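Here's the structure we're looking at; comments come further down.
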Amino acid sequence: MHITPRLLSGTFIKRYKRFFTDICTADGDVITLHCPNTGSMKNCQVEGSPCWYSLSDNPKRKLAGTLEIVTSAFGNLAGVNTGRPNHLAREAIENDLIPELRGYSSLRAEVRYGEEKSRIDLLLEGRDDSAADRKSGCCYVEVKNVTLDCGEGRAQFPDSVTSRGSKHLRELMAMVAEGHRAVLFFCVQLSGVKEVSVAAHIDPLYAETLTAAIAAGVEVLVWQADMTDSCISLQRPLRLAL
């Protein structure tokens with residue numbers, strides 16, 4: 001994903017009221033940005049640390065700037081814009097980067113499905129019948145952004161209690177029961193990471209539900225993104241530590 005114009009650099013000051021962040025620009029001005037992240041951003045709010053933001057030319061926006069990348073408590077880059085992961089996953093799938101998700105002829109986003117009135121992030125259809133190792137039907141892909149840096153090459157999800165995340169897992173299990181593929185896709189917008197695990201101490205219900213989902217046949221894929229001020233893209237698979 002190429003970013004045009006390039007992201008601008010600044011210094012993180014504070015996040016407040018969930019969706020507001022104050023930063024100091026490279027010119028020394030203090031401005032307020034939109035923070036597009038509903039999680040706790042645990043270990044991603046380091047006062048005085050480098051950060052990067054984008055600007056919009058939409059005159060209807062209340063805040064012209066959006067917080068994009070911050071520096072974690074362990075000195076790694078963390079992409080906190082939760083609007084990016086779906087696009088990153090879609091781009092990687094369309095470019096055949098993800099071996100497990102090749103062989104589908106069409107991809108749709110934000111499709112309504114399930115008994116709990118959900119929207120699947122990405123729906124893959126039109127499986128290549130020559131791929132004999134694939135299940136029949138559609139492939140439902142739920143994308144989650146990972147930014148909780150735990151140090152020593154470890155990251156975790158979620159960074160706060162997520163009843164919505166547990167609901168999505170239940171929906172994915174239901175799709176498997178109907179004969180489809182279902183994939184939980186962890187998009188790791190965090191540098192310096194070698195493995196991802198579930199933060200059971202933060203949300204034990206989510207951890208329990210994920211264990212049940214894996215046992216029911218839900219697949220889990222973990223991919224890490226590289227981030228610069230002009231490009232963010234998924235580059236490599238990581239290990240899921242259970």
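Checking the cross-link filter: which lysines have an alpha carbon closer than 21 Å to that of K42, excluding same-chain neighbours under 8 positions apart?
Of all the lysines, those that pass the test against K42 - Cα under 21 Å, at least 8 places apart if same chain - are K14, K17, K144, K194.
Using only the alpha-carbon atoms, how far is helix 85-94 inclined from the longest principal axis of the chain? Give it as 0 to 90 degrees, nearest 10.
Approximately 50 degrees, to the nearest ten.
Under a plain spin-label model, where a point goes 7 Å from the Cα along Cα-to-Cβ, how far apart in nm are A64 and V161?
Distance between label points: 4.0 nm.
Counting helices only, and only those DSSP H runs with n ≥ 4, report the 222 nm mean residue ellipticity of the chain as the sum of -39,500 (n - 2.57) divided by its residues, in deg cm²/dmol to the nearest 500.
Details: 3 runs with 38 residues, N = 242.
Computed mean residue ellipticity for the chain: -5000 deg cm²/dmol.
Taking only the alpha carbons of the chain, what extent do you get along each of the three principal axes, in Å, biggest first?
58, 37, 32
Just to be sure I understand the model, the point goes 7 Å from the Cα along the line to the Cβ. What's the resulting D226 to L55 distance in nm?
Output for this residue pair reads 2.8 nm.
For E94 and A200, compute 0.36 nm times the residue count separating them, minus their Cα-Cα distance, and round to one decimal in nm. All intermediate terms of the calculation are to be shown ahead of the outcome.
Working: separation 106, 0.36 × 106 = 38.16 nm, distance 3.28 nm.
Residue separation times 0.36 nm, minus the Cα-Cα distance, leaves 34.9 nm.
Please report how far the C-alpha centroid of the range 147-181 lies from that of the range 87-120, rounded to the nearest whole angstrom.
One Cα centre to the other: 16 Å.
State to the nearest 20 debye the size of the charge dipole of the chain about its Cα centre, where the only charges are +1 on K and R beta carbons and -1 on D and E beta carbons. Intermediate results must be reported in sequence, preceding the final value.
On the way: 28 positive and 30 negative charges, 106 e Å.
Roughly 500 debye for the chain.
Starting from the Cα-Cα distance between S233 and A177, subtract it from 0.36 nm times their residue separation and give me the gain in nm to one decimal. Walk me through the numbers before you get to the answer.
Values: separation 56, 0.36 × 56 = 20.16 nm, distance 3.26 nm.
Contour length minus the Cα-Cα distance gives 16.9 nm.
Stretched out fully, how many nm does the piece from A241 to V30 gain, at 0.36 nm a residue minus the Cα gap?
Details: separation 211, 0.36 × 211 = 75.96 nm, distance 4.05 nm.
The A241-V30 span can extend by a further 71.9 nm.
Residues in the range 35-53 near a label at R18, defined as backbone nitrogen under 11 Å from the 7 Å Cα→Cβ point?
Flagged as within label range: 37-40.
Using label points projected 7 Å from each Cα along Cα→Cβ, tell me how many nm separate T4 and E208, to one decimal.
With each label point 7 Å from Cα toward Cβ, the separation is 5.1 nm.
No value in this document is a laboratory result; all are computed from the given coordinates. Remember, predicted model here, so these are calculated numbers, not experimental data. FYI the Cβ positions are ideal-geometry reconstructions off the backbone, even for glycines, and counts take in every protein chain you see.
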